Amino acid sequence: MSRKEFDVSRMRRLKRYATRYGLTILTDDKMKVLGTAGGHQIRDEEYKILYGNVPKPFSASLDDIEAWLEANTAGEA
């Protein structure tokens, strides 16, 4: 397994990608402290949550975030 496949590396790469489009990826750190994987959300420049808040806050996985970014930012820039 290469380093680029680690979750930390993927998250860094996705955050850089999202920043190009004025988006921020948020991670629920409290869930990490409890020993479970933290969920994620995507927020725009106006602090509106665009993805990851349904059915509950921070419900998107890293794979979900990656798929959403690819689908919703294709062709922009």
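Numbers at a glance
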quantity	calculated
Computed label-point distance, nm, for sites LYS15 and ILE49 using a 7 Å Cα→Cβ extension	2.0 nm
Full-stretch length increase - ASN72, PHE6 - with 0.36 nm per residue and alpha-carbon distance subtracted	21.4 nm
Debye intensity ratio I(q)/I(0), log10, the range 3-73, q values 0.14 Å⁻¹ (C-alpha model)	-0.40
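Only the coordinates and a few stated rules stand behind these numbers; no lab work does. Everything quoted here is computed from the prediction, not taken from an experiment. For neighbour counting, all protein chains shown are included, and Cβ atoms are generated from backbone atoms with ideal geometry for every residue, glycine included.
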